[in-house]
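Working notes for the structure below.
The values are calculated or read from the model by the stated rules, or taken from the named source; none is laboratory data. Given the structure is predicted, the values throughout are model-derived calculations rather than measurements. Positions of Cβ are backbone-derived with ideal geometry, glycine not excepted, and every protein chain shown enters the neighbour counts.
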Amino acid sequence: MDPFSSAALVELVRRAQRGDEAAQRELILAYQHRVAGFVFAMTNRSDVVEDLCQQIFIKMIRAVDGLQAPAQFESWLFRLARNTCIDQLRRQRLRRIFLPFGEEHENIPEPPGAVDSEELDALRHALAQLRPQDRALLALVQEGRSHAEISEILGTSVAAVKARLHRAREHLRAHYQP
Amino acid sequence: MNTNPEQDAWSRLRAHAAARLDEGFPDRVLKSAHGCPPHVWVRLRAVAADCLRPGFADRVLAAARTRLEMPSYGSQLALSALTAAACVAAVILFHHHELAAADARNLAEWRQIVAAAQDLDAGAR
């Protein structure tokens, strides 16, 4: 799943930290699909995926020089992605308070072909029933993050991550009906 | 042959209930029970990846470059604060200058009045 070895990733991140645009480009190319998957799982909307991914990678470029441990780059990137998605969902909720738009207006139906199987549709429906924090948890697990990494991303203990993950999986199972 | 009306009713109830379940029911139950298989997550990621138009990385780099060239929010705020402070200082200075000029004018007039009064007093004596 990882496109680079740890040493290669560290070297690439160091180059990106020095402002090497080729390295920054390589990082974007390496992670864009995984970040897009994470954003889609979090927001359940394909129309915001590119915008949010762009925001996340721009934040990455602007803040990467402050990353103390380049080996932790992936956890750091997914923390950025999670926080950006949560902010977007919060803004969406606020917009619903101040503007006369309902949830149904936000959920634009996917164009034909975008949702190509009942199973995928069921997964999206099940994810939509979960809290954003639980969605983030499940999406991070799918990204191959360890419990320790997730606890670092969420700023909580490993035991709490395990407990929340168990509950999130139970909820997903309860709502997943293909 | 079963002629018991109660048994008959139960059979009809079972048949009616069974007719509500379509052919794919067992598969659906099994899928639900086993949870979401990994290949569906892979498909979700693939659908999301398709949302990114070609040239995404170049667009991000260009946007990041534009944003880096733009003055930061902090510097714009500092410039606004500096402009406002300069305006307030100019107003205070102008007001102070006007006040001093008015005082000088009033004092000169009072001096004239005092001089005129003293002249009148001297004439009366």
query = When segment A:61-74 is examined, which residues are found to be more than 9 Å from chain B (Cβ to nearest Cβ) and in a helix (DSSP H, G or I)?
reply = A:ALA63, A:VAL64, A:ASP65, A:GLY66, A:PRO70, A:ALA71, A:GLN72, A:PHE73, A:GLU74
query = Looking at (1) within 11 Å of the chain's Cα centre (by Cα); (2) surrounded by fewer than 23 Cβ atoms within 10 Å (Cβ to Cβ), which is the only condition A:LEU67 fails?
reply = (1)
inquiry  = Given the condition part of a helix (DSSP H, G or I), out of contact with any Asp or Glu (no Cβ under 7 Å at 6 or more places or on another chain) and over 15 Å from B:ALA57 (Cβ atoms), answer yes or no: does some residue in segment A:17-32 qualify?
reply    = no
inquiry  = Where the second residue is of a type in the set (S, T, N, Q) and assigned to a loop (DSSP other than H, G, I, E, B) and the first is within 14 Å of another protein chain (Cβ to nearest Cβ) and lies in segment A:153-178, which pairs have Cβ atoms under 9 Å and are six or more apart or on separate chains?
reply    = A:PRO178/A:SER117
inquiry  = Condition (residue is in a helix (DSSP H, G or I), more than 49 Å from the chain's Cα centre (by Cα) and among the small types (Gly, Ala, Ser)) applied to segment B:104-113: is it met by at least one residue?
reply    = yes
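Take segment A:63-95 and flag every residue that is out of contact with any helix residue (DSSP H, G or I) (no Cβ under 7 Å at 6 or more places or on another chain) and basic (Lys, Arg).
Step one: list which residues in segment A:63-95 are out of contact with any helix residue (DSSP H, G or I) (no Cβ under 7 Å at 6 or more places or on another chain), which gives A:63, A:66, A:68-69, A:72, A:74, A:76, A:83, A:87, A:90-91, A:93-95.
Residues satisfying the conditions are A:ARG90, A:ARG91, A:ARG93, A:ARG95.
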ask   = Taking B:THR66, is it of a type in the set (Val, Ile, Thr) and within 14 Å of another protein chain (Cβ to nearest Cβ)?
value = yes
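Condition check ((1) within 25 Å of the chain's Cα centre (by Cα); (2) hydrophobic (A, V, I, L, M, F, W, C); (3) assigned to a helix (DSSP H, G or I)) across all residues:
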position	(1), (2), (3)
B:ARG14	no, no, yes
B:ALA19	no, yes, yes
B:ASP27	no, no, yes
B:ARG45	no, no, yes
B:ALA49	no, yes, yes
B:ARG59	yes, no, yes
B:ALA86	no, yes, yes
B:ALA89	no, yes, yes
remark   = Quick count over segment B:41-58, residues being facing chain A (nearest Cβ under 7 Å) and not aliphatic (A, V, I, L, M), is 6
Any chance B:LEU44 is farther than 24 Å from A:GLU26 by Cβ, without any contact (Cβ under 8 Å) to a residue 24 or more places away in the chain and exposed (fewer than 11 other Cβ atoms within 10 Å of the Cβ) = no
query = So A:VAL115 clears everything in (1) more than 14 Å from chain B (Cβ to nearest Cβ); (2) at pLDDT below 85 except one condition, right? Which one?
reply = (1)
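Looking at segment A:1-35 only, could you name the residues that are among the basic types (Lys, Arg) and more than 9 Å from every other protein chain (Cβ to nearest Cβ)? Show your work before the answer.
From segment A:1-35, those among the basic types (Lys, Arg) are A:14-15, A:18, A:25, A:34; that's our starting set.
Residues satisfying the conditions are A:ARG14, A:ARG15, A:ARG18.
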message = I want to confirm something. Restricting to segment A:36-54 and keeping residues that are under 12 Å from the mean Cα position of the chain (by Cα) and more than 9 Å from chain B (Cβ to nearest Cβ), which single residue is nearest to B:PRO54 (Cα to Cα)?
response = A:LEU52
